[in-house]
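Student: Here it is, the structure, as structure tokens.
The values are calculated or read from the model by the stated rules, or taken from the named source; none is laboratory data. Computed from a predicted structure; not experimentally measured. Cβ sites come from the backbone with ideal geometry, for glycine too, and all protein chains shown count toward neighbours. What goes into the accessible areas is simple: the full protein's heavy atoms, side chains included, and nothing from ligands, DNA or RNA. Shrake-Rupley method; radii C 1.70, N 1.55, O 1.52, S 1.80 Å.
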Amino acid sequence: MSFSLEKERYRSKVREVVLGATKEDGGTRGHTITVGGESTLPYQHYEGDMPNTPVVGMEVWDIVPEGWEDELKEQFSDVLDNPAEWAKKNVNEYNAEFICLRLQGAHPDEGDKSPEECVKVVKEVLEAVDVPIMVYGCRKEEKDNEVIPKVAEEASGENLLLGVTEEENYKSITAACMVHGHTVIAKSPIDINICKQLNILINEMGLDTGKIIIDPTIAALGYGIEYGYSIMERARMGALQGDNMLAMPMIGMIGEEAWRAKETKAPESDFPGWGEQKTRSILWEAVTASSLLQGGLDILVMRHPKAVEMVKENIEELMQDNSY
């Protein structure tokens, strides 16, 4: 007796977004990265297409990070005070597909670097590696509104991924992206309505929806990950059902979330049943990433090289054709 499985067919898809710009496009990158384009739920290749593989990038800070666990610092101990060399190490040794440069030193309490000082670091990293670059502000709105537009101007044409914009603070960075040819990160607080509203506001300023990446806000394993997952799932369903204001690729700050969880920080002496801290921490980041890939993440920003390696292997397996 034959059996025919019913398949879902969707009437729309996630929009494709290009990160970076080569010399022919007006930038200096060795290649670009295209994300998005899915016409099905994640990895259900039998119901639609996933033309672009999710990408994994790694963080580089413009200052030596305070509060990072020793296990993380040991991986970059020879380059922590040199962002350009740190970027090279991530690309050449750990196969990072893009660099997320965090300008934390611009924060008034962590160095208060000037926009010009931040631009200098961005240019050094651009010269050190040829992969696409994401530039992430210090998350102090007033300072980011000074720094990110200046970075956008000085790196005009590079198609950086700049962030973040939020519902109450999106105009300056969005305008800078429009004028200088960059892509923007639209961050919303685990709320599908605010997510859509922010995309509408940015688009109404004149920035093409093909230049927007959604950051729906995620959580680490065990810290509300199921709530973040459900928001991502709703966004993906909206995109596949034809909602153009939810049809953007999604990004997640995996390393940031995973490495501030108690499970990555607590020593084995405090919780003997949890196992050795090093292994536990790396797995916490890797499992967080793998879980959120199932929600539809297109871009992952991670920290530990071993976790990156495991997640890239997982992505390779997930991208195997399972159509029939």
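Student: Among (1) touching a residue at least 12 places away in the same chain (Cβ under 8 Å); (2) farther than 29 Å from residue 61 by Cβ, which single condition is residue 259 missing?
Tutor: So residue 259 meets the others, but not (2).
Student: Please name all residue pairs, on different chains or six or more residues apart, with Cβ atoms under 7 Å, provided the first residue is in region 194-211 and is closer than 16 Å to residue 249 by Cα and open to solvent by 50 Å² or more (accessible area, probe 1.4 Å) and the second residue is aliphatic (A, V, I, L, M) and in a helix (DSSP H, G or I).
Tutor: 196/245; 196/246
Student: Okay, moving on. Those residues that are outside any helix (DSSP H, G or I) and either at positive phi or surrounded by 13 or more Cβ atoms within 10 Å (Cβ to Cβ) (or both), I need them from region 262-288; list them, please.
Tutor: Correct list: 266, 268, 271, 275.
Student: For residues that are on the phi > 0 side of the Ramachandran plot and touching a Pro at 6+ places or on another chain (Cβ under 9 Å), scanning just region 28-56, find the one that is surrounded by the most Cβ atoms within 10 Å (Cβ to Cβ).
Tutor: Result: 36.
Student: Cβ-Cβ below 9 Å, separation at least six or inter-chain, first residue in region 97-112 and touching a residue at least 24 places away in the same chain (Cβ under 8 Å), second hydroxyl-bearing (Ser, Thr, Tyr) and crowded, with 18+ Cβ neighbours inside 10 Å: which pairs?
Tutor: Correct list of pairs: 100/136; 101/136; 102/136; 103/136; 104/136.
Student: Is there any pair linking a residue in region 181-192 that is under 7 Å from residue 215 (Cα atoms) to one that is of a type in the set (S, T, N, Q), with Cβ under 7 Å and at least six apart or on different chains, and which?
Tutor: Short answer, once both residue conditions are applied: 185/165; 186/165; 186/199; 187/165; 187/217; 188/217.
Student: Please state which one of 171, 123, 150 is touching a strand residue (DSSP E or B) at 6+ places or on another chain (Cβ under 9 Å), among the basic types (Lys, Arg) and surrounded by fewer than 18 Cβ atoms within 10 Å (Cβ to Cβ).
Tutor: 171
Student: Which of the residues spanning region 289-312 are open to solvent by less than 10 Å² (accessible area, probe 1.4 Å), in a helix (DSSP H, G or I) and in contact with an Asp or Glu (Cβ under 9 Å, 6 or more places away or on another chain)?
Tutor: Of all residues in region 289-312, those open to solvent by less than 10 Å² (accessible area, probe 1.4 Å) come to 289, 292-293, 295-302, 304, 307-308, 311.
Then keep just the ones that are in a helix (DSSP H, G or I); that gives 289, 292-293, 307-308, 311.
Once the filter is applied, which keeps residues that are open to solvent by less than 10 Å² (accessible area, probe 1.4 Å), in a helix (DSSP H, G or I) and in contact with an Asp or Glu (Cβ under 9 Å, 6 or more places away or on another chain), region 289-312 yields 307, 308, 311.
Student: Something else: How many residues does region 65-75 contain that are open to solvent by 50 Å² or more (accessible area, probe 1.4 Å) and under 20 Å from residue 268 (Cα atoms)? Break it down stepwise before answering.
Tutor: Looking only at region 65-75, we keep the residues that are open to solvent by 50 Å² or more (accessible area, probe 1.4 Å), and these are 66-67, 70, 73-74.
Subset that is under 20 Å from residue 268 (Cα atoms): 67, 70, 73-74.
Counting residues in region 65-75 that are open to solvent by 50 Å² or more (accessible area, probe 1.4 Å) and under 20 Å from residue 268 (Cα atoms) gives 4.
Student: Which members of region 180-207 meet the condition of being among the aliphatic types (A, V, I, L, M), touching an Asp or Glu at 6+ places or on another chain (Cβ under 8 Å) and under 20 Å from residue 161 (Cβ atoms)?
Tutor: Correct list: 185, 186, 198, 201.
Student: Is it the case that some residue within region 82-89 is basic (Lys, Arg), open to solvent by 10 Å² or more (accessible area, probe 1.4 Å) and farther than 22 Å from residue 22 by Cα? Explain how you work it out, then say what you get.
Tutor: Our first condition is that a residue be basic (Lys, Arg); within region 82-89, this holds for 88-89.
Narrowing further to those that are open to solvent by 10 Å² or more (accessible area, probe 1.4 Å): 88-89.
Checking which are farther than 22 Å from residue 22 by Cα leaves us with none.
Checked region 82-89: no residue is basic (Lys, Arg), open to solvent by 10 Å² or more (accessible area, probe 1.4 Å) and farther than 22 Å from residue 22 by Cα.
Student: Out of 25, 62, 78, report the one residue that is closer than 30 Å to residue 180 by Cβ and open to solvent by 20 Å² or more (accessible area, probe 1.4 Å).
Tutor: On the way: 62 fails: open to solvent by 20 Å² or more (accessible area, probe 1.4 Å); 78 fails: closer than 30 Å to residue 180 by Cβ.
Testing whether each residue is closer than 30 Å to residue 180 by Cβ and open to solvent by 20 Å² or more (accessible area, probe 1.4 Å) leaves just 25.
Student: Right, next: How many residues are closer than 15 Å to residue 70 by Cα and either of a type outside the set (Lys, Arg) or in contact (Cβ under 8 Å) with a residue 12 or more places away in the chain (or both) when one looks only at region 262-280?
Tutor: Of the residues in that region, 11 qualify.
Student: Within region 10-17, is even one residue open to solvent by 60 Å² or more (accessible area, probe 1.4 Å) and without any contact (Cβ under 8 Å) to a residue 24 or more places away in the chain?
Tutor: The answer is no, given that none of the residues of region 10-17 is open to solvent by 60 Å² or more (accessible area, probe 1.4 Å) and without any contact (Cβ under 8 Å) to a residue 24 or more places away in the chain.
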